[in-house]
């Protein structure tokens, strides 16, 4: 499984801790970092991105979360994990429209996020190996 990590260039400072924690857990080679909406859109349009990829999307502001929601048709049906800027009612309401597998906030240490990603990766690998045995 591949991890696609979206940290917009405007949120690079906030995303530094997330990237560091994820590389500690999964290694640099397991993570593809993306820093622009154009690059994220390009990846989402590539075939085969629905099965074995998890998209970790850092929304450093509610504006960025709304921009990401504009990509909903491309994100639909994908494994999405969101990192949110706040826990306001408006942010949470918009977050649920993504149908994320998990969400957390940008002011955390990201250990819970990495634990969830680890389980998602192991579940997919186990499921894939069982399918190969059939």
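FYI, it's all coordinate maths here, none of it is from the lab. Fair warning: this is a prediction, and the values are worked out from it, not measured in the lab. Cβ coordinates were reconstructed from backbone atoms using ideal geometry, including for glycine residues, and neighbour counts include every protein chain displayed.
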Using alpha carbons only, how many degrees (0 to 90, rounded to 10) separate the axis of helix 111-133 from the longest principal axis of the chain? 30
Note on segment 20-92: the mean projected area of its alpha-carbon convex hull, in nm², is 5.5
Helix 12-26 sits off the longest principal axis of the Cα atoms of the chain, rounded to the nearest 10 on a 0 to 90 degree scale, by 20
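Please say if segment 23-62 is rounded, prolate or oblate, where rounded means a/c under 1.5 for a ≥ b ≥ c the square roots of the C-alpha gyration tensor eigenvalues, and otherwise the choice is prolate for a/b larger than b/c and oblate otherwise?
Judged from the Cα gyration tensor, segment 23-62 comes out oblate (a/c at least 1.5, b/c at or above a/b).
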Convex hull volume of the chain per residue (C-alpha atoms, cubic angstrom): 106
Per DSSP helix of 4 or more residues, -39500 (n - 2.57); summed, then divided by the residues of the chain. What does that give at 222 nm, rounded to the nearest 500? -15000 deg cm²/dmol
Quick check on packing: order 106-119, 54-67 by the mean number of other C-beta atoms within 10 Å, highest mean leading. 54-67, 106-119
Taking the Cα-to-Cβ direction at residue 93 and at residue 45 and moving 7 Å from each Cα, how far apart do the two end points lie in nm? 3.2
Under a plain spin-label model, where a point goes 7 Å from the Cα along Cα-to-Cβ, how far apart in nm are residue 20 and residue 36? 2.7
Say each of residue 112 and residue 76 gets a label point 7 Å from the Cα, pointing the same way as Cα to Cβ; how far apart are those two points in nm? 3.0
